[in-house]
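Read-outs throughout are calculated quantities, based only on the coordinates presented, and are distinct from any laboratory measurement. Note that the coordinates shown come from a computational prediction; the quantities given were computed from them, not determined experimentally.
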Amino acid sequence: MRKKKAGLTFFEPEKKVNPTIFSEIFACLVIMVIAAFIAVVGVYFFGMTTGVVGSSMEPTLYSGQKVLVNRFAYALLVPKRGDVVVFLPRGNEKSHYYVKRIVAGPGDKIQIQDGVLYINGEVSNLITKIIENPGIAENQITLKNGEYFCIGDNPLDGEDSRQADIGPVAKADIIGKVWFRLDMEDIAKGFVH
């Protein structure tokens, strides 16, 4: 039997690599690639991105900010009050996409009096800022089947359903529901919220 010498040694014993570690790393990489593929396909077929134009949705969304839109959401579900949606006014494909909040739906009665939004005779809490220009909602409007009244969170700026050239938005003209806002600083860091 050989005795070990005391003192410094410059010889490192050979480390053995465990093959199960490689298989676990490979499995994780495969799962990440599959998840990324599913995400890209899902966004391509069911989603789209668009930019917010103007300050009409501040403080929720800002001009130039990108949003991810779920184009499939309203194929199965009905748009509801409070949803932030993307639409083309009167289906005009030459227009930019409008990003606004649904404040009323089919059968609802809308009126703006003294800067306050009333839905079915009750004060709505969806738009908290004073609405200086009531537009077509100065007189009570009753929405028809498949119509939605959309206003920006900042009603002092921008065009929305109050303007006669836009008016109530038909369900067929709604492109989809806003899923996420994409902040460029966050994307650079690697996450979306």
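Could you pull the Rg and Dmax for the range 49-189, using just the Cα atoms, both in Å?
Here Rg and the maximum Cα pair distance are 14.5, 49 Å.
Give the relative contact order (percent, whole number) for the range 51-191; include only Cα pairs under 8 Å separated by 6+ residues.
With pairs under 8 Å counted, the relative contact order is 32 percent.
Is there a pair in Lys109/Lys171; Lys66/Lys144; Lys80/Lys144; Lys129/Lys171; Lys66/Lys171; Lys80/Lys177 whose C-alpha atoms are over 20 Å apart, and which pairs would that be?
Check vs 20 Å cut-off fails for Lys66/Lys144; Lys129/Lys171; Lys66/Lys171.
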